[in-house]
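The structure appears below as structure tokens.
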Amino acid sequence: MNATPHAQKQTLLVAVLTLIALGLLYLIYVLPTWWVSLTAPNYPKEAFPDGVRIEFHMNGVFNGCKKVEKKEISESVALDCVHEMDTINHYVGMYPIAAGGPIERGFSQFLITFLGVMLLGFMCVKPKIRMGILALGFGLIAVWMYLTLYGEDGFKLENAGYVEALVTSLDQEAGGEGGDESSSGGIVEMLRKSLEASGVKIDMPGEEKGEPADENLSKKDRLIDQLRQTYERDHAKGLVSEPWNGSTFQIMAWHYGKSLGRYFNNQEEIRPMVKHLKLAINVVFWGLIGAMLLLIWGARKNGGILYWLLVIVPMALPVFFIIDYSAWLWWYGHTLNAMGAFSVKPFMPTVFGDGKVAQFATHSYPDKGFFVMLLLAAVLAVAALIRRKEFRGA
């Protein structure tokens, strides 16, 4: 039986709205989702107009401080405020920012693509074609995910932003056993770059000379090579047992342990946490495979909870983000290391709005990416309502 003109119009409208939603998913991935800032009297507004600010993206945490260009202030590069905030936080026993959300950041490219394939399936009204779309899309994601996580040199299949975030984090090592002794973040790095720009060669204390960078490599490949050299130094010191294979699984676990031990290098606490991360990576991998198979099976008919999940899950992305963000803030405030310089009671950092911790005022607000999430939810809600009317009128 042929669809009526009204039903065809509804199908077309749902398709247009879904395609808009796919574009919004891309924007969500590249835009900052949330920002956090610390302000205090020792960070004057003239030099820190936004305070010590960091920005959360889907694939990592990045510097939110901008280069200040004023007559009385001269900066060649912006202050690295991720490092600055880590330095502030570690005094009360908080772990570095890079220790939070390792699964979410490492799987971010797969999760966003997963949502995109779900929307393509939702857009299709013919069950057999929908099953084919989901099977093909999910199959490609599964292969991509496996090669990235477990394949040799699979880390090269990760997105450039995630790679850069990991390297930047390691550049902020504070020294001590198990870490590089040089610190190239914040004011120290600014001074170093300024001196080197003036022709003065600086050798940081404890800095080891790595292999010269191959200038024919892309920026991303150079960053991966930098990670490899750091990993191999740790391997030579006996800090990691396995030789470098370049898999994302290996790098995620190593980087997580290295981040946890940057300021508080208690391996008796760190090793179990790394072990749990490895388990979580495997569980999430197979969990996603299971979800793919379930959705393909559920796509065999129009309607039903499994069909509607194709649009409900992407539509709920803002809710998932808030829950995950709040959970990690709770973890930071309730997983305080006893080696911190100051002893404080476990606390819940501010999720939304302004707060106060000691002499610091905290500010936590949504950024452009979160507002795009809300727009995505609205667009998909309209598409879902139209599709519901379409099915009811069939």
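Read the figures in this text as sums done on the coordinates, not as results from a lab. None of these values were measured; they are calculated from a predicted model. Glycine gets a Cβ as well: all are built from the backbone with ideal geometry, and neighbour counts include every protein chain shown.
Listing for the model above:
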quantity: For segment 215-324, the spread of Cα positions along each principal axis, largest first, Å; calculated: 58, 41, 25
quantity: Equivalent ellipsoid semi-axes - Cα gyration tensor, segment 3-147, angstrom; calculated: 45, 19, 11
quantity: Å³ per residue enclosed by the Cα convex hull of segment 216-269; calculated: 95
quantity: Computed E for LEU157/ALA341 - FRET, C-beta separation, R0 56 angstrom, nearest 0.05; calculated: 0.85
quantity: FRET E, pair ASN266, GLN359, Förster distance 30 Å, beta-carbon r, rounded to 0.05; calculated: 0.60
quantity: Alpha-carbon spread of segment 1-62, three principal axes, descending order, Å; calculated: 73, 20, 12
quantity: Label-point separation in nm, LYS278 to GLN229, each point 7 Å along Cα→Cβ; calculated: 2.8
quantity: Label-point separation, LYS301 to LYS368 (7 Å along Cα→Cβ), nm; calculated: 4.5
quantity: Total charge dipole magnitude, segment 4-139, about the Cα centre, Cβ charges on Lys, Arg, Asp, Glu only, Debye to nearest 20; calculated: 880
quantity: Segment 236-394: radius of gyration over Cα atoms, expressed as a fraction of 2.2 N^0.38 Å; calculated: 1.44
quantity: Order of LEU317, LEU309 - criterion: other Cβ atoms within 10 Å of each residue's Cβ, fewest first; calculated: LEU309, LEU317
